[in-house]
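A.B. asks: One structure, as structure tokens, below. Some questions next.
The values are calculated or read from the model by the stated rules, or taken from the named source; none is laboratory data. Note that this is a predicted model, so its numbers are computed, not measured. Every residue, glycine as well, gets a Cβ built from its backbone with ideal geometry; the counts of neighbours run over all protein chains shown. Calculation scope for accessible area: heavy atoms of the full protein, side chains included, ligands and nucleic acids excluded. Shrake-Rupley method; radii C 1.70, N 1.55, O 1.52, S 1.80 Å.
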Number of protein chains: 2
Amino acid sequence: MDKKKFSSSVEDYLEAIYFIAKKKDRVKTSDIASFLGHKPPSVTEMLEKLSKEGLVKHKKYGIVSLTPRGMRIAKEVSSKHMVLVSFLELLGMDRRIAEIDACKIEHVVTRKTMNRLKKLVEFVQRAPKKPEWLEHYKHFIKTGEHPECKKKA
Amino acid sequence: MDKKKFSSSVEDYLEAIYFIAKKKDRVKTSDIASFLGHKPPSVTEMLEKLSKEGLVKHKKYGIVSLTPRGMRIAKEVSSKHMVLVSFLELLGMDRRIAEIDACKIEHVVTRKTMNRLKKLVEFVQRAPKKPEWLEHYKHFIKTGEHPECKKKA
DNA sequence: AATGTTTGTTAGGTTAACCGAAAAATTTAA
DNA sequence: TTAAATTTTTCGGTTAACCTAACAAACATT
């Protein structure tokens with residue numbers, strides 16, 4: 001239906017605003033700039049664009065908020081982010097690296113693949129007991145060997 | 001040491017040249033253009049750039065080839081691509097979608113995460129027998145239930 | 001070898017997303 | 001409540017990667 005494709009950059013801004021708004025009630029240009037590591041003029045410019053697109057509410061020199069549409073997209077991106085981080089942590093990556101990858105992958109992955117990864121995370125989380133294969137996998141990473149392949153004694 | 005970061009676009013061009021060269025001995029501007037879905041002038045422009053960077057050999061109106069450096073990068077990207085496709089197929093994605101995701105993710109994923117995914121693919125491929133958990137996972141995707149969680153009879 | 005077709009390059013243009021410097025608005029504080 | 005400090009915007013630039021239209025080179029055919 002309403003599946004307009006936004007740039008990585010647009011998604012990053014919306015996600016940033018969403019994230020900042022969870023902690024501070026007034027989101028300012030400078031908050032977004034420092035969060036994203038950009039300079040204020042870039043933020044002003046992007047806010048103008050997002051505002052025209054109906055994704056944020058922002059008047060000159062005022063505070064920033066997400067419109068319902070902006071919020072919906074921010075939540076979608078943020079949810080991809082969380083799934084990706086969980087997935088990578090499952091594989092035993094540090095959270096730090098997991099975050100770096102998630103921030104990139106979240107913008108390019110298809111919905112179908114995203115769903116699969118989400119299912120995988122759920123599959124593991126909802127398993128009745130901690131899955132053995134994950135332990136075996138981690139063992140394989142260290143040693144290059146399958147635990148099942150016992151050498152003859 | 002020599003870990004210069006190239007744009008997704010540069011990586012795509014190198015990968016395309018590498019791919020085309022596996023089938024045809026003479027890689028031309030138009031081959032690259034149609035492979036990538038770009039117009040010839042864009043290709044000419046990029047070839048100039050890649051040539052200056054020492055990644056391809058190309059003289060006006062001539063054929064294109066990868067330098068050793070270009071080849072190394074092309075192979076790295078292509079190998080990421082293959083690992084990603086294998087991984088996604090493991091999760092039961094169609095090859096078509098797997099390809100789409102791989103083409104995007106290959107440019108943004110960190111080396112560490114790439115290695116983990118590669119290990120996962122190897123872990124499954126080299127398992128002594130087809131891993132049960134993968135069947136269970138696919139069952140979980142369909143039904144939302146863990147096969148182990150048997151209901152009381 | 002002249003000519004027409006195909007292919008590749010040049011030239012000029014667009015868009016997205018960043019930047020720094022300077023100007024303007026807002027906020028703080030004397 | 002005015003002046004100073006801070007924040008935000010405006011303005012003008014830059015870069016990467018695409019494009020179209022026009023031109024030039026290469027190729028293929030007779």
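A.B. asks: Along the charge dipole of the protein assembly as shown, Cβ charges K/R +1 and D/E -1, which of B:LEU66, B:HIS38, B:LEU50 sits furthest on the positive end?
C.D. replies: Projecting each Cα onto the dipole axis, the largest value belongs to B:LEU66.
A.B. asks: Can you compute the FRET efficiency between A:ARG72 and B:ARG26 using 1/(1 + (r/R0)^6), with r the Cβ-Cβ distance and R0 = 51 Å? Round to the nearest 0.05.
C.D. replies: Between A:ARG72 and B:ARG26 the formula returns 0.55.
A.B. asks: With charges set only on the Cβ (+1 for Lys and Arg, -1 for Asp and Glu), what does the dipole of segment B:44-153 come to about its Cα centre, in debye to the nearest 20?
C.D. replies: Dipole about the Cα centre, nearest 20: 320 debye.
A.B. asks: Let me ask something else. Which helices pass in chain A if a helix is a full DSSP H run, must span at least 30 angstrom along its long axis by Cα, and must have mean Kyte-Doolittle hydropathy not below -1.0?
C.D. replies: The qualifying helices are A:68-90.
A.B. asks: What percentage of the solvent-accessible surface of chain B, computed with a 1.4 Å probe over protein heavy atoms, is contributed by carbon and sulfur atoms?
C.D. replies: About 55 percent, which is the carbon plus sulfur part of the accessible surface.
A.B. asks: What is the spin-label model distance, in nm, from A:LYS59 to A:GLU99 if the labels are put 7 Å beyond Cα along the C-beta direction?
C.D. replies: Between A:LYS59 and A:GLU99, the label points sit 3.6 nm apart.
A.B. asks: Then there is this: Between segment A:7-81 and segment B:1-69, how far is it from one alpha carbon centroid to the other, in angstrom?
C.D. replies: Going from one Cα centre to the other spans 37 Å.
A.B. asks: So, one more: Looking at segment A:8-72, I'd like the Rg to Rh ratio, where Rg is from alpha-carbon atoms and Rh is Kirkwood's inverse mean 1/r.
C.D. replies: Expressed as Rg/Rh, it is 0.90.
A.B. asks: Before we go on, tell me the buried accessible area for the A/B pair, both chains summed, 1.4 Å probe, in Å² to the nearest 100.
C.D. replies: For chain A against chain B, roughly 3200 Å² becomes buried.
A.B. asks: If you take every residue apart from A:PHE140 with its C-beta less than 9 Å away from the C-beta of A:PHE140, what net charge results, scoring Lys and Arg +1 and Asp and Glu -1?
C.D. replies: +2
A.B. asks: If you don't mind, another one. How much accessible area per residue does the protein assembly as shown have, counting only protein heavy atoms and a probe of 1.4 Å, in square angstrom?
C.D. replies: Per residue, the protein assembly as shown has an accessible area of 61 Å².
A.B. asks: Right, something else. Let me spell out the model: positive unit charges on the Cβ of Lys and Arg, negative unit charges on the Cβ of Asp and Glu, origin at the Cα centre of the protein assembly as shown. What dipole size does that give, in debye rounded to 20?
C.D. replies: The dipole magnitude comes to about 220 debye.
A.B. asks: Count charges around A:SER42 for me, please; just the other residues with Cβ under 14 Å from its Cβ, Lys/Arg as +1, Asp/Glu as -1.
C.D. replies: Taking every Cβ under 14 Å from that of A:SER42, the sum is -2.
A.B. asks: Let me ask you something else. State the extension gain, in nm to one decimal, for the chain segment bounded by B:SER79 and B:LYS49, taking 0.36 nm per residue of separation less the distance between their alpha-carbons.
C.D. replies: Once the chain is fully extended between B:SER79 and B:LYS49, it gains 8.4 nm.
A.B. asks: Here's a follow-up. Can I get the semi-axes of the protein assembly as shown's equivalent ellipsoid? Compute them from the C-alpha gyration tensor as square roots of 5 times the eigenvalues, in angstrom, largest first.
C.D. replies: 35, 33, 17
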